[in-house]
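Okay, structure first, notes after.
The values are calculated or read from the model by the stated rules, or taken from the named source; none is laboratory data. Model, not experiment: these values are computed from the prediction. Backbone-built Cβ (ideal geometry, glycine too); neighbour counts: all protein chains shown.
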Amino acid sequence: MKKVFFLMVIIAVSFSTSIVLGEDSISVGVVDMQRCIQESQEGQKVTDALKKKKENLQKKLDNKQKELLELRKELEKQSMMLSMDAQENKKKDIERKARELEYFFKDLNEEMMRAQEKEKKKIFNELKDIIGKIGSESKYNLIMERWAGGVLYFDESREITDQVIKAYDKLKSESK
């Protein structure tokens with residue numbers, strides 16, 4: 001609710017300033033940050049790198065699951081031949097491995113989430129600079145994120161996402 005109120009105050013101040021200064025209109029742009037990440041060359045590279053990382057982590061997880069499954073099968077096969085103490089020791093070993101697998105799974109998920117957040121934050125900061133540059137060069141009074149709270153409708157001609165993607169791709173190709 002505070003965001004909507006704050007947004008309304010900004011828009012109201014912008015309208016009143018333009019009226020006082022005799023300006024004709026306010027120029028507002030809208031950008032879809034998620035689309036910028038998905039469609040930009042850098043965003044696609046990061047997505048591919050994260051997919052590869054996830055696949056590698058998944059392989060490690062699969063190996064640990066396979067190891068646990070083999071231990072369970074081994075216990076089933078040998079249960080008739082093992083003493084009660086040996087069976088209990090095997091069961092404890094399997095339970096310990098199952099807990100380790102659970103912790104390993106949680107660690108992998110957290111690692112992936114941290115990697116995704118790190119890359120997303122890096123790209124957002126780079127996009128923010130580009131959007132600021134486009135805003136000042138094109139004389140926008142305000143540029144809003146399409147999916148942010150408070151944007152219920154906008155004229156599609158106000159969409160600058162393609163322009164941001166092109167500028168971001170150009171910046172990244174020049175920096176190589």
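Numerical summary
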{"read-out": "Matching entry among Glu119, Glu100, Glu88, Glu126 (being more than 30 Å from Val31 (Cβ to Cβ), of a type in the set (Asp, Glu) and under 28 Å from the mean Cα position of the chain (by Cα))", "value": "Glu100"}
{"read-out": "Subset tally (residues that are assigned to a helix (DSSP H, G or I) and either surrounded by 14 or more Cβ atoms within 10 Å (Cβ to Cβ) or of a type in the set (Ser, Thr, Tyr) (or both)) for the range 133-145", "value": "3"}
{"read-out": "Residue, farthest from the chain's Cα centre (by Cα), within the range 129-169, restricted to residues that are of a type in the set (Lys, Arg) and closer than 9 Å to Val30 by Cβ", "value": "Arg158"}
{"read-out": "Residue in the range 83-115 that is farthest from Arg158 (Cα to Cα), counting only those that are touching a Leu at 6+ places or on another chain (Cβ under 6 Å) and not hydrophobic (A, V, I, L, M, F, W, C)", "value": "Lys90"}
{"read-out": "Set Glu174, Glu156, Glu126, Glu110: member being of a type outside the set (A, V, I, L, M) and in contact with a Lys or Arg (Cβ under 9 Å, 6 or more places away or on another chain)", "value": "Glu126"}
{"read-out": "Residue that is surrounded by 12 or more Cβ atoms within 10 Å (Cβ to Cβ), among the β-branched types (Val, Ile, Thr) and over 14 Å from Met33 (Cα atoms), where the choices are Ile165, Ile160, Ile130, Ile94", "value": "Ile94"}
{"read-out": "Ala148 vs. criteria out of contact with any Cys (no Cβ under 6 Å at 6 or more places or on another chain) and assigned to a helix (DSSP H, G or I)", "value": "no"}
{"read-out": "So Leu71, is it touching a Leu at 6+ places or on another chain (Cβ under 8 Å), more than 30 Å from Trp147 (Cα to Cα) and assigned to a helix (DSSP H, G or I)", "value": "no"}
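Matching residues to (1) over 27 Å from Lys118 (Cα atoms); (2) at pLDDT 90 or above; (3) among the β-branched types (Val, Ile, Thr):
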{"position": "Glu42", "(1), (2), (3)": "no, yes, no"}
{"position": "Thr47", "(1), (2), (3)": "no, yes, yes"}
{"position": "Gln58", "(1), (2), (3)": "no, yes, no"}
{"position": "Asp62", "(1), (2), (3)": "no, yes, no"}
{"position": "Glu67", "(1), (2), (3)": "yes, yes, no"}
{"position": "Leu75", "(1), (2), (3)": "yes, no, no"}
{"position": "Met80", "(1), (2), (3)": "yes, no, no"}
{"position": "Gln87", "(1), (2), (3)": "yes, no, no"}
{"position": "Phe104", "(1), (2), (3)": "no, yes, no"}
